[in-house]
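Nothing in this text is a laboratory measurement; each read-out follows from the coordinates by a stated rule. Please read all numbers here as calculations on a predicted model, not as lab measurements. Because the Cβ atoms are built from the backbone with ideal geometry, glycine has one as well, and the counts that use them run over all protein chains shown.
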Amino acid sequence: MKQTLVVIGNGMVGQNFLAGWVASPAVSAYNIITFCEEPRPAYDRVHLSEFFAGKTAEDLSLVEAGFFENHGITLHLGDRAATIDREAKTVISAKGVTVHYDKLVLATGSYPFVPPVPGHERKNCLVYRTIEDLEAMTAAALTSKIGVVVGGGLLGLEAAKALKDLGLETHVVEFAPRLMAVQIDEGGGAVLRRKIEALGVTVHTNKNTTQIVDGDNCVNKMCFADGEELETDVVLFSAGIRPRDDIARSCGLEIGQRGGIVINNQCQTSDPDIYAIGECALWNGMIFGLVAPGYAMARTVIAGLAGGEASFTGADMSTKLKLMGVDVASIGDAHARTQGALVYHYQNGASEVYKRLVVCPDNKRLLGAVLVGDANEYGTLLQYCQNGIELPENPDSLILPRLSGEPAGLGPDALPATAQICSCYEVSKATVCSAIEAGCTTLNALKAATKAGTGCGGCVPLLKSVLNCELAKHGYEVNTDLCEHFAYTRQDLYNLVRIGEIKSFAELLGKHGKGHGCEICKPAVASILASHWNDYILKQEHLGLQDTNDTFLANMQKDGTYSVVPRIAGGEISPDMLIALGRVGKKYQLYTKITGGQRIDLFGARLEQLPAIWKELIDAGFETGHAYGKSLRTVKSCVGSTWCRYGVDDSVGLAIELENRYKGLRSPHKIKFAVSGCTRECAEAQGKDVGVIATENGWSLYVCGNGGMKPRHADLFATGLDKATLIQYIDRFLMFYVRTADRLQRTSVWMENMEGGLDYLKSVVITDKLGLCGELEQQMARVIDTYQCEWKTTIENEDKLKRFRHFINSDQPDDNVVFVEERGQIRPANEDERKHFKILEVA
Amino acid sequence: MVWFDVCGAADLQPDSGICALVQDQQIAVFYFANSQKVYAISNFDPFGQANVLSRGLIGDISGQAVVASPLYKQHFNLETGQCLEDAAVQIPAYTAQIVNGRVQISW
Ligand SMILES: Cc1cc2nc3c(=O)[nH]c(=O)nc-3n(C[C@H](O)[C@H](O)[C@H](O)COP(=O)(O)OP(=O)(O)OC[C@H]3O[C@@H](n4cnc5c(N)ncnc54)[C@H](O)[C@@H]3O)c2cc1C
Ligand code: SF4
């Protein structure tokens, strides 16, 4: 008869165990039952914070659809295992289910430790571990202004970022004298602190919270042992984790002195039929608060149950993370606790980088490292450390900045076949190489085949370089073709167009491509052609190249209608223009909304209405806003020195001038600008591709920032500029971007992928390292000279207007477009409403 | 085979699409200028639930003539209506021809 295996806890490790188990040879020997206390099966806790960036619970799920059903696993969802009866070999759940087990696996994880200070249960005192916790945070943030994280460790800083992103004034309160005391040393902690504070988070170290009481202006007030106080609405505890060993404790299993279910090398508890894995398990006096060791324990148990010989013998606790945009990494013996260890430091005050190497007394092997501010060497150093690779003669060369073009660190070739590339899934270089041999020639294929890189993702850069290196060895070219029609990169095509003076897609395809093209190459080539010749984009030969938005000079919305976006340069608009816009919106019953780019969008225009709408707008003095194009969108501005009492210079005037200068410039992706009148930065210029801020000494120029899904703070490019120089730099910067970026690559990614990064970009634009600046400026001048308002050209052209109707052979509108009213304006009807509407119409 | 008249050949947009109303159906008609071929499929995008396919970009993928939906970019084979990204989705496709300067389709 089949035996029964019960797994308590369906968290990251519990699920990893199940997924490994169903793939193991012993799968048919047991019936599997699992208890999952949370309301949903396992999800990716490691990437929990991405919930705030818009990921849903489904996105974070670790369980493939149908997993439990397909493998015949009985899942008790939302039911906590309450007691274990080791005599009877049963588990009884909170809902009253009793199941028998032959083998039992405890994967109950841990819970956030909340220090028992008086007041810790007050309103808005929260923790950070489950999706429900995050929902509670979001709800609390709605009515809060200030948030405090108690605990400056890895998780605490991640939580601080979340509070900051939720719009709260954020503080971190740490008991120890520095941040991340477990992983990094004092020097690293100091640099980290400065970096975090520069991002607007206030850090308080050496702070012992004694109680939390009613606040005077906020919901709560924290009182510290040193007599200081801190008013806050939200208190988020992130003071460490404690193993969930209650159920094991009450059935008499051996528990460590400070908690944790004691396990041996086979992950067995003191009862040989009961195993414990993940964060609830105590091995050799240690709890491992990371997923990779938990996964290793899961593998050990699977192998053991299948009759094999496997041992868990500890795990590497090296970590690399991006905390609030700051790279932090810790490897091995970061604190130099090994007898006689030698230490190397590198600190660059200006760019706030801190690196420390811990090397064994003979200077030959790496024991540990700390990296703050720049963790590019993490992969290489980890390999040195884990594989005991002999260090170069001067180990510090590994962390010193590379001034000339010396090769970076250890190439993938230098790694032994046994080197572990992915520690989450224990994938060795040998496994990766054989997958490549077997035909996995893309990163995605390689991830799917080996699972490498699909855990915490930290090894992806290394995985990629192993892939590229192996491909090169096998004589493959790494495929950077734009698509199947052009065996060139966007930059190659750009140069072919420039040198060959090619003026149309057909000509380029005929000379350098094959087939008919597709939705990837057509718009890309249209953009390249536009940045060279700046033709009218609806010219017959360019027409079929444009995305629908460009073809109809408007942005298609989900129901097939379009939005209309006139340019409002710098966000400045006169009352008369505002009235004109309002009149058009009212006449055509459009939904109107003010956008983040300081202009007004009109939604719900049917294709056939666009020309009439635009005729009226143009007559009123508006022109196209190019919202439909991969081109300059807006130049946002604050009110500046004209009105603002802090203003240093006329930000509105400059914004209008810049917007008018670059409007219509076609580029690899959209481009956004902003200009602020002083360093208070009300226009948020540091979140834009090009940001300009007025200072007493002239304009400061920032580049390569963006908002959106992956926000990036812009980099300071040059300071103290007069207007002429500023514009000259922007001309060069933009044209260099247009020339060399990949399709759909924002300036941020373009620069990050550029060898030499910001410094290289500066050398091209400021010191003209490539001798290209004259050409770039000329090209920009040509684009500016040939600007036309595409809508104006279109409404003057009878022939072009023919396309602006839904049916070629009928004047009827599209009957699938249905609006309903909400808050006094139209919106697209949802599916239900639409069905209802249709029935009404028929009746 | 019954042929329905759609529009004049001159109404076609080279390397692009138009939409016609035929027997109360919305038909997307595409014209490849080089090969002078016309294709006709339903105009309704089953993913976006909107009548927009005639406004998608056309081209070829591994030798099949396709349109990419302007909403979420799925590809549809212009001869069969088969969605390239989802084997379970196929939309109506029609036989199309140009006769005496008129575009006709049949189903
Ligand atoms: C915000 C955040 C960021 C993190 N970032 C990283 C990172 O970058 N790298 C890294 O390696 N690790 C990271 N971690 C840690 C990582 O998430 C944990 O190591 C991992 O989740 C441990 O897995 P586990 O299965 O042991 O515990 P869990 O994932 O907590 O799963 C345990 C599950 O068991 C359930 N359970 C408990 N008792 C019972 C019972 N009696 N009956 C039924 N169910 C029960 C719990 O409700 C829970 O669902 C992070 C954690 C958090 C919270
Ligand atoms: S950035 Fe300065 S000048 Fe502009 S509005 Fe803010 S405070 Fe005033």
| message | Please report the antiparallel percentage of DSSP beta bridges with both residues in chain A, rounded to the nearest 5. | response | 65 percent
| Convex hull of Cα atoms in region A:49-112, direction-averaged projection (nm²) | 6.3 nm²
| message | Give the average, rounded to an integer, of partner chain Cβ atoms located within 10 angstrom of each Cβ in B:11-19. | response | 6
| task | Can you pull the one-decimal nm distance between simple spin-label points at residue A:499 and residue A:539, each 7 Å off the Cα toward Cβ? | result | 2.3 nm
| Modelled FRET efficiency - R0 35 Å, residue A:97 with residue A:197, Cβ distances, 0.05 increments | 0.10
| field | Alpha carbon convex hull of region A:247-296, projected area averaged over orientations, nm² | value | 3.3 nm²
| note | For residue A:647, the net charge from surrounding residues (Cβ-Cβ under 13 Å; K, R +1; D, E -1) works out to -2
| said: For region A:717-843, what does the relative contact order come out to in percent, with C-alpha contacts under 8 Å and a separation of six or more? | reply: 15 percent
| message | Give me log10 I(q)/I(0) at q = 0.12 Å⁻¹ for region A:622-745, Debye formula, one equal scatterer per alpha-carbon, no solvent. | response | -0.40
| field | At least 24 Å along the helix axis (C-alpha) and Kyte average at least 0.0, DSSP helices within chain A | value | A:723-740
| request: Please say if region A:125-239 is rounded, prolate or oblate, where rounded means a/c under 1.5 for a ≥ b ≥ c the square roots of the C-alpha gyration tensor eigenvalues, and otherwise the choice is prolate for a/b larger than b/c and oblate otherwise? | output: oblate
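Assign one of three labels to the protein assembly as shown, namely rounded, prolate or oblate, based on the Cα gyration tensor with a ≥ b ≥ c the square roots of its eigenvalues; rounded applies when a/c is under 1.5, prolate when it is not and a/b is larger than b/c, and oblate otherwise. Provide the component values of the computation, followed by the final result.
Working: a/c = 1.68, a/b = 1.43, b/c = 1.18.
Since a/c reaches 1.5 and a/b is larger than b/c, the shape of the protein assembly as shown is classed as prolate.
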| field | Cα-based equivalent ellipsoid of region A:490-546: semi-axis lengths in Å, sorted from largest, via gyration tensor | value | 15, 14, 10
| query | At residue A:576 and residue B:35, where each label point lies 7 Å from the Cα along Cα→Cβ, what is the point-to-point distance in nanometres? | reply | 5.6 nm
| remark: Dividing the alpha-carbon radius of gyration of region A:161-202 by 2.2 N^0.38 Å, where N counts its residues, gives 1.20
| note | Surpassing 28 Å at the alpha-carbon level, of the pairs A:322/A:688; A:55/A:429; A:630/A:723; A:221/A:688; A:364/A:447, are A:55/A:429; A:221/A:688; A:364/A:447
| query | Do any GluC sites (Glu not before Pro) in region A:28-87 lie in a loop, going by DSSP, with at most 14 other beta-carbon atoms within 10 Å of their beta carbon, and if so which? | reply | A:64, A:87
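Just flag the trypsin sites (Lys or Arg not before Pro) in region A:468-567 sitting in loop per DSSP whose Cβ has no more than 16 other Cβ atoms within 10 Å.
A:503, A:514, A:539, A:558
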| message | Explain nothing, just the number: relative contact order of region B:3-106, from Cα pairs under 8 Å at least 6 residues apart, as a whole percent. | response | 26 percent
| request: Give, as a single signed number, the net charge of other residues whose beta carbon lies under 13 Å from the beta carbon of residue A:224, with Lys and Arg counted +1 and Asp and Glu -1. | output: -3
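Taking square-rooted eigenvalues a ≥ b ≥ c of the alpha carbon gyration tensor, is region B:3-106 rounded, prolate or oblate, where a/c under 1.5 means rounded and, failing that, a/b exceeding b/c means prolate?
It comes out prolate by the Cα gyration axes.
DSSP loop GluC sites (Glu not before Pro) in region A:749-830 with at most 16 other Cβ atoms within 10 Å of their Cβ, which ones?
A:755, A:796
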| note | Rounded to one decimal in nm, the spacing of the 7 Å Cα→Cβ label points at residue A:113 and residue A:338 is 2.8 nm
| remark: Taking only C-alpha positions in region A:306-369, Rg and Dmax in angstrom work out to 16.0, 58
| query | Calculated FRET efficiency, residue A:445 and residue A:121, Cβ-Cβ r, R0 56 Å, to nearest 0.05? | reply | 0.65
| said: How charged is the neighbourhood of residue A:630? Take every other residue with its Cβ under 10 Å from the Cβ of residue A:630, and add Lys/Arg as +1 and Asp/Glu as -1. | reply: +2
